[in-house]
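Here is the structure we will look at.
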Amino acid sequence: MSLWYPMMALVVSCGLSCSTSVQAAQPDVQYRLFGSSATGDSLLRGPQRQQLLLQTLDLQWQSQLGANQQFQLASTLWRTDPQQPAGATSAQKLELSEAYWNIDAGNWSFSAGTRKRDFDVNYGLRPLDLFSPTDTLALYTVVAPGVWQAAADWFGADNAWTLLCNQTEQVFRRYGQTLPASTGCGARYYQQAGDLEWQALAHYDEDIGWRVGASQVWVINEGLALQGSLLWQQHYWTNQWIQWPTSSLPPGIGMRIDRPLADAVQQQGAWQLSTGLNYTAAAGWNLILEYSYDGQASADRDWQALQHMLQQRLQGPAVQTLERQSSLQLFSGRQLTRQQWLLHLRAEGDWQPSLTLLYQPAVTALLISGAVSYSVSDQFKINLGIKHFAGPADSSFRLLGKKHEVVAGAQYAF
């Protein structure tokens, strides 16, 4: 604990003192304290009990270096203190989320450094967030990290071009290890025409290959818009159930052989798409309804094979070590199953309640997530979030050992 508070004081003092040394710098420093409790019983992992105390200090700072130059800095200093399981150790980390320089010249804007850029238009699955994807369903987040990039943007009256070279960090984990980052270059074109806006992009990465995508938002009236996005990716990693031959084995022998049951394989050609509607009522409520398909996620037959194996083992020999460890590979992608439906409802004001329902038909899994924030003042906010993972015992969430998650905390902006 002795290192945490001096580091926190250093970040605050640097943000406040640096603001006086450059023109028009406005530091935004925010401290957050959250308590988290998660419970569940997993057929693969056993009982799951976890309690955490999370502290974060977020710093965002933009300075005007001249008439047409800016420098943007965003970082998060966080510390977690596990209350359970017993014996878990505290962890602390300083994460640099953004640090980039930008200069404007006429209709052009040039930037270089670590930066976060979001191009997608949806809420749940966001295929066009190629560079720094964000988990929109998280109960609490820190400053979302960006990636290294060098970009040139051209802005017209109702259109824009973006040319960039960047680093790509994949979310997929292969046998528990994150895939190494790679580099690539691409271009994006954006166009607005009346009530319709659309964009198209193409990107080539040394490991992923080509990625080609597009999106559109059609504003029907003041309260209703239809939106969608899609992406095709040339090379990708996915999970696959291993079909071991059993015809040559005596009955029951296959259940007593400890062998890997799921594998990480590299495939070619997959689509990701998300489409839905966005409705805002006059009273301030916002409703989002989306359907998404992720061709990079595990196929339905792989989940069905896992469910079938576990149902057999409930009546026979227990799941063995290698079988259990390899089966967890099915949970290592950004999306668990290929198809999902999402409903998100939220309101704005001093009280900010929200409700999210996420349904995965392949494994009949339902995520119910509710949250509420209350703004005590412009600087002080109280937060409460609850997640419940519903569905049968062999649904994807329950297999992973997720049942309830509760987060309560507060945040203060200096």
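The values are calculated or read from the model by the stated rules, or taken from the named source; none is laboratory data. Being a predicted model, the structure only gives us computed values, none of them experimental. No Cβ is skipped: glycine too gets one built from the backbone with ideal geometry, and neighbour counts run over all protein chains shown.
Checking the condition in contact with a His (Cβ under 9 Å, 6 or more places away or on another chain), β-branched (Val, Ile, Thr) and part of a strand (DSSP E or B), which residue from 382, 368 passes?
Unique residue meeting the criteria: 368.
Name, by its number, the condition in (1) crowded, with 19+ Cβ neighbours inside 10 Å; (2) among the β-branched types (Val, Ile, Thr); (3) touching a residue at least 40 places away in the same chain (Cβ under 8 Å); (4) farther than 30 Å from residue 325 by Cα that does not hold for residue 168.
Here residue 168 clears every test but (4).
Among the strands (runs of 3 or more DSSP E) confined wholly to the range 189-247, which include 2 or more residues that are without any contact (Cβ under 8 Å) to a residue 24 or more places away in the chain?
Of the strands (runs of 3 or more DSSP E) lying wholly inside the range 189-247, those with at least 2 residues that are without any contact (Cβ under 8 Å) to a residue 24 or more places away in the chain span 196-205, 209-219.
Quick one: how many residues across the range 69-113 are polar (S, T, N, Q) and outside any strand (DSSP E or B)?
Residues that pass the stated criteria total 3.
Looking at the range 375-393, can you tell me whether even one residue there is charged (D, E, K, R), within 17 Å of residue 44 (Cα to Cα) and modelled with pLDDT under 90?
No, the conditions are met nowhere in the range 375-393.
The rows are residues; the columns are (1) under 25 Å from residue 98 (Cα atoms); (2) surrounded by 16 or more Cβ atoms within 10 Å (Cβ to Cβ).
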{"position": "162", "(1), (2)": "yes, yes"}
{"position": "176", "(1), (2)": "no, no"}
{"position": "203", "(1), (2)": "yes, yes"}
{"position": "214", "(1), (2)": "no, yes"}
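In the range 303-326, which residue that is touching a helix residue (DSSP H, G or I) at 6+ places or on another chain (Cβ under 6 Å) and either without any contact (Cβ under 8 Å) to a residue 40 or more places away in the chain or of a type outside the set (A, V, I, L, M) (or both) is nearest to residue 385 (Cα to Cα)?
Looking at the filtered set, the residue picked out is 303.
Within the group 330, 345, which residue is assigned to a strand (DSSP E or B), among the aliphatic types (A, V, I, L, M) and either more than 17 Å from the chain's Cα centre (by Cα) or within 26 Å of residue 386 (Cα to Cα) (or both)?
On inspection, the qualifying residue turns out to be 345.
Look through 289, 306, 310, 261 and report the one residue that is surrounded by 12 or more Cβ atoms within 10 Å (Cβ to Cβ) and under 21 Å from the mean Cα position of the chain (by Cα).
289
Which one of these is farther than 19 Å from residue 133 by Cβ and loosely packed, with under 15 Cβ neighbours inside 10 Å: 153, 195?
That would be 195, the only listed residue that is farther than 19 Å from residue 133 by Cβ and loosely packed, with under 15 Cβ neighbours inside 10 Å.
For the range 122-139, state whether one or more residues are of a type in the set (Gly, Ala, Ser), in contact with a strand residue (DSSP E or B) (Cβ under 7 Å, 6 or more places away or on another chain), at pLDDT below 85 and in a loop (DSSP other than H, G, I, E, B).
Scanning the range 122-139 turns up at least one residue that is of a type in the set (Gly, Ala, Ser), in contact with a strand residue (DSSP E or B) (Cβ under 7 Å, 6 or more places away or on another chain), at pLDDT below 85 and in a loop (DSSP other than H, G, I, E, B).
Among the candidates 385, 370, 391, single out the residue that is surrounded by 16 or more Cβ atoms within 10 Å (Cβ to Cβ) and touching a residue at least 60 places away in the same chain (Cβ under 8 Å).
385
Please work out which one of (1) touching a Leu at 6+ places or on another chain (Cβ under 7 Å); (2) within 30 Å of residue 105 (Cβ to Cβ) is the condition residue 62 fails and give its number.
(1)
Consider the range 30-44. How many of its residues are buried (at least 16 other Cβ atoms within 10 Å of the Cβ) and either closer than 30 Å to residue 393 by Cα or touching a Ser or Thr at 6+ places or on another chain (Cβ under 7 Å) (or both)?
Qualifying residue count for the region: 9.
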